[in-house]
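These notes are about the structure you will find just below.
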Amino acid sequence: MTFCAVNSTGRAIKPVLMPKKTSPTLTSIACFFFYLYLFFRRPGEQKHLKELPSLQWMHLAVVACGDRLEETLIMLKSAVLFSYRKLKFHIFAEDSLKPEFEKKLREWPSSYSKKFEYSVYPIAFSVGNAQEWKKLFKPCAAQRLFLPVILKDVDSLLYVDTDVLFLRPIDDIWSFLKEFNSTQLAAMAPEHEIPKIGWYSRFARHPYYGTTGVNSGVMLMNLTRIRNTQFKNSMIPTGLMWEEMLYPLYQKYKNYITWGDQDLLNIIFYFNPECLYVFPCQWNYRPDHCMYGSNCKGAEEEGISVLHGNRGVYHDDKQPTFKALYEVIRDFPFEDNLFQSLYYPLQSKFLETVHTLCGRIPQVFLKQIEKTMKKVYENRVIVHVGANYRY
């Protein structure tokens with residue numbers, strides 16, 4: 001016999017038995033529409049069936065300078081929308097941006113703000129010339145090199161660039177920490193999937209990791225291991241600790257690097273390949289993965305997990321598929337229904353992008369986010385199905 005076992009608030013209750021002569025089909029239909037009703041109510045009106053257990057915090061770091069306030073907030077929003085465990089945001093920003101971050105984050109509804117805590121830190125470099133570090137590649141980007149030194153009380157951390165969007169829970173990328181072997185202390189994705197058209201394999205004038213180098217826009221780190229490891233290098237025969245290695249490494253290669261701190265990380269892991277865990281490309285999916293034709297097999301099979309809109313593609317019309325995702329997440333009202341106010345508008349926007357190579361593979365962009373929304377739905381509604389219940 002089929003019966004519904006949640007009440008109108010979504011809480012589990014004692015099963016309510018249907019009349020003896022009620023058709024099982026009618027009962028199933030009634031339950032289906034009841035669950036549908038629960039799902040399409042706004043998240044703010046729904047009650048979670050149970051509170052998530054209090055587990056270890058997940059730490060997320062980002063560095064924001066110049067005009068990156070909005071981009072950073074949209075990245076943080078994507079993190080909060082889908083994650084299950086609580087998040088601790090470590091925001092490194094110029095002094096002028098601190099009050100703006102605090103103001104905007106206070107405006108988020110309590111149903112989401114209770115899922116995270118945050119700290120805003122000033123830009124700081126513990127060794128070398130601060131102005132030199134600050135101007136390396138993008139403004140303040142070199143700050144990520146100093147995270148193990150500054151966040152001494154944090155064991156593990158996910159660093160992302162401001163132009164990253166999460167299309168599934170951070171919990172999933174955080175779980176890669178358990179995959180590290182005894183020597184691995186960081187994880188990044190390859191810079192390219194095809195060596196013959198990769199930047200490092202064609203143009204680099206310095207050592208780099210593997211055959212195509214790695215991209216540092218999404219970097220998972222075991223900070224404790226980084227702090228406690230001596231790294232092989234090309235400067236002295238013995239190993240150097242992380243902090244004491246950074247400035248001499250920069251001084252040696254500064255005339256040969258193009259991508260700043262990412263190049264320095266490539267040099268470090270060239271000499272210490274056993275320390276790096278390599279993500280599949282769907283965890284750092286960039287325009288290069290589709291603008292010349294689809295070349296990320298993992299994304300084709302599983303969908304994109306983490307979107308990285310480098311090259312400024314959220315703010316111009318060169319890659320409208322990336323821009324569509326950014327704008328839909330930006331415009332999504334926190335308390336609205338995910339399918340109605342996020343997924344369906346995204347589908348509509350993608351219809352306008354089919355003239356591009358990235359726009360011709362919408363399933364790659366939609367597959368993982370659709371799975372994520374279904375999981376959100378499943379967490380809000382519990383369906384009990386019983387057979388031959390005796391009454």
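The values are calculated or read from the model by the stated rules, or taken from the named source; none is laboratory data. Since this is a predicted model, take the numbers as computed values, not measurements. Reconstructed Cβ throughout: ideal geometry from the backbone, glycine too, with neighbour counts over all protein chains shown. All accessible areas refer to the heavy atoms of the entire protein, side chains included, with ligands and DNA or RNA removed. Shrake-Rupley method; radii C 1.70, N 1.55, O 1.52, S 1.80 Å.
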Exercise. Using modelled amide H (1.01 Å from N, peptide plane; none on Pro or chain starts), what sits under 5 Å from the amide H of residue 121, excluding residues fewer than 5 places away?
Worked result: 91, 92, 93
Exercise. Efficiency by 1/(1 + (r/R0)^6): what FRET value for residue 295 and residue 254, r their Cβ-Cβ distance, R0 = 30 Å, to the nearest 0.05?
Worked result: 0.40
Seminar exercise, completed: Extension length gain for residue 241 and residue 363 (0.36 nm per residue less Cα distance), in nm, is 39.5 nm
Exercise. Round to a whole number: what % of the accessible area of segment 66-176 belongs to carbon and sulfur, probe 1.4 Å?
Worked result: 49
Exercise. Near residue 203, within a Cβ-to-Cβ distance under 13 Å, what is the net charge of the other residues, with Lys and Arg +1 and Asp and Glu -1?
Worked result: +1
Problem set entry | Local electrostatic count, residue 221, Cβ distance below 13 Å [Lys/Arg +1, Asp/Glu -1] | +2
Problem set entry | Under Karplus coefficients 6.51, -1.76 and 1.60, residue-wise ³J(HN,Hα) of segment 285-300 in Hz, glycine/proline x | 8, 10, x, 4, 7, 9, 6, 10, x, 5, 9, 10, 5, x, 5, 4
Exercise. Are there GluC sites (Glu not before Pro) in segment 286-377 that DSSP puts in a loop and that have at most 13 other Cβ atoms within 10 Å, and which ones?
Worked result: 335, 352
Problem set entry | residue 150/residue 375 FRET efficiency (R0 41 Å; Cβ-Cβ; nearest 0.05) | 0.75
Problem set entry | Karplus-derived HN-Hα couplings along segment 326-340 (A = 6.51, B = -1.76, C = 1.60, θ = phi - 60°), whole Hz, x at Gly and Pro | 4, 5, 5, 5, 4, 8, 5, x, 3, 8, 7, 6, 4, 5, 5
For this session: Kindly flag which residue pairs out of 114/318; 103/254; 104/178; 152/254 have an alpha-carbon separation exceeding 30 Å in this structure.
Result: 114/318; 103/254; 104/178
Problem set entry | Neighbourhood net charge (15 Å Cβ-Cβ; Lys/Arg +1, Asp/Glu -1) for residue 212 | 0
Exercise. Would you list 150, 170 from the most to the least accessible area, probe 1.4 Å?
Worked result: 150, 170
